[in-house]
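Written out below as structure tokens is the structure these notes cover.
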Amino acid sequence: MAASAPPTSTGSPKLDAIKGTVPAIDPTKPQGLALYARFAFAGAVCCSVTHGALTPVDVVKTRIQLDPVKYNRGLIGGFKQVIQSEGAGAIWTGFGPTAAGYFLQGAFKFGGYELFKQQSINFLGYETASQNRTAVYLASSAAAEFFADIALCPLEATRIRLVSEPTFASGLLSGFGKILKNEGVGAFYSGFGPILFKQVPYTMAKFVVYEKVSELVYRSVDKSKASSGTQTAINLGSGLIAGFAAAIVSQPADTMLSKINKTKGLPGEGTTSRLIKIGKELGLRGSYAGIGARLFLVGLITAGQFAIYGDIKRVLGATGGVELASK
């Protein structure tokens with residue numbers, strides 16, 4: 001007796017409709033570890049390139065946060081102040097730890113996001129995950145960012161020390177070594193609390209807004225027929241809006257992170273007590289010092305990241321990520 005073909009219907013019209021949006025697995029495309037390694041590499045490159053290229057903007061933004069009385073002329077005026085007092089090279093202070101730190105962070109963030117999203121689908125089932133995709137985006141991005149911050153924190157602490165104290169060290173290796181020798185490993189993670197407080201909401205807003213904006217756009221554009229240029233433009237626009245949202249959400253923690261890494265704590269003073277003290281000193285208005293520069297910075301960074309990430313994924317053939325929305 002010949003075996004009968006497996007049923008094509010699940011018995012649920014709604015589930016059948018959702019299944020119809022899931023692309024068939026192409027055995028010629030990378031799967032498993034090979035696929036997620038490509039996601040991680042694309043994320044590493046897009047974060048390192050964008051953050052590294054915008055180091056000058058980040059330098060001025062950090063100076064405004066740390067000394068708003070002196071640096072009170074906005075972004076353009078801040079550039080002029082730094083260059084006039086310290087020379088043109090000063091605006092590239094911290095480039096090494098920025099590029100290296102965000103290379104690591106980007107690998108964990110983007111690769112982890114894709115991995116945790118897939119794990120959510122495996123755990124919940126595709127239909128449930130699709131119906132609750134906003135929660136999946138939030139949970140997946142938060143989990144990915146937690147691990148990304150473990151990798152980023154030591155290099156971010158070094159960057160902020162170099163920017164806030166221009167004479168502290170000559171670069172990444174000397175600055176990293178000096179902190180390690182004089183203050184110990186714990187000094188690299190003194191800002192771990194605020195960096196989580198900053199980066200986790202930032203990343204959650206970044207991915208959710210990006211997903212929602214691109215989902216809205218692809219309701220009018222057939223993604224399967226869209227040219228590479230069109231997809232890059234959509235990634236840029238969606239990323240720009242996502243960057244603005246993420247910057248506003250995470251600005252207070254970004255200011256506190258700059259403050260807590262600027263100087264060592266008093267003997268016996270814990271991170272929590274330092275954060276409380278800094279928060280009281282700043283107030284709401286002080287927490288948003290440098291927001292104009294940061295909107296510009298984060299908007300450009302996020303737009304560039306999603307554009308570069310999408311382009312590298314296409315070049316590497318890493319297009320096997322599961323989409324939870326019908327596009």
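Annotation note: of F79, F110, F103, the sole residue that is touching a helix residue (DSSP H, G or I) at 6+ places or on another chain (Cβ under 7 Å), surrounded by fewer than 23 Cβ atoms within 10 Å (Cβ to Cβ) and closer than 19 Å to A40 by Cβ is F103. Across segment 284-323, the qualifying residues are those that are in contact (Cβ under 8 Å) with a residue 12 or more places away in the chain, basic (K, R) and out of contact with any Asp or Glu (no Cβ under 9 Å at 6 or more places or on another chain), and the one among them that is farthest from R38 (Cα to Cα) is R314.
As for segment 136-150, it holds no residue that is of a type in the set (D, E) and either in contact with a Cys (Cβ under 9 Å, 6 or more places away or on another chain) or farther than 19 Å from G243 by Cβ (or both). Looking only at residues of segment 272-299 that are surrounded by 17 or more Cβ atoms within 10 Å (Cβ to Cβ) and of a type in the set (K, R), we find that the one that is modelled with the lowest pLDDT is R274.
Can you say whether L216 is among the hydrophobic types (A, V, I, L, M, F, W, C), touching a Pro at 6+ places or on another chain (Cβ under 6 Å) and at negative phi, as far as the supplied structure shows? The answer is no for L216.
Only residues that are at pLDDT 80 or above and at positive phi were counted in segment 11-57, giving 1. When every residue of segment 62-70 is checked against the conditions, at least one turns out to be touching a helix residue (DSSP H, G or I) at 6+ places or on another chain (Cβ under 9 Å), modelled with pLDDT of 85 or more and not aromatic (F, W, Y).
Per the conditions (1) modelled with pLDDT of 90 or more; (2) of a type in the set (A, V, I, L, M, F, W, C); (3) in a helix (DSSP H, G or I), the sole criterion not satisfied by A253 is (1). Annotation: of all residues in segment 135-167 being in a helix (DSSP H, G or I) and either in contact with a strand residue (DSSP E or B) (Cβ under 6 Å, 6 or more places away or on another chain) or of a type in the set (V, I, T) (or both), the one that is surrounded by the fewest Cβ atoms within 10 Å (Cβ to Cβ) is I150. Pairs are defined by a Cβ separation below 7 Å, a sequence spacing of at least 6 or placement on different chains, a first member in segment 114-128 that is touching a residue at least 24 places away in the same chain (Cβ under 8 Å) and of a type in the set (A, V, I, L, M), and a second member that is surrounded by 15 or more Cβ atoms within 10 Å (Cβ to Cβ) and in a helix (DSSP H, G or I); the pairs so defined are L115/Y36; I121/A129.
Checking each residue in segment 181-229 for being assigned to a helix (DSSP H, G or I) and more than 26 Å from the chain's Cα centre (by Cα) picks out K181, N182, E183. Considering segment 131-155, the residues that are polar (S, T, N, Q) and more than 16 Å from P201 (Cα to Cα) include one that is farthest from the chain's Cα centre (by Cα), namely Q131. Looking across G286, G292, G279, one residue alone is in a helix (DSSP H, G or I) and more than 20 Å from G191 (Cα to Cα). It is G292.
The values are calculated or read from the model by the stated rules, or taken from the named source; none is laboratory data. Since the model is a prediction, treat every value here as computed from it, not as a measurement. Using ideal geometry, Cβ is built from the backbone for each residue, glycine included, and neighbour counts are taken over all protein chains shown.
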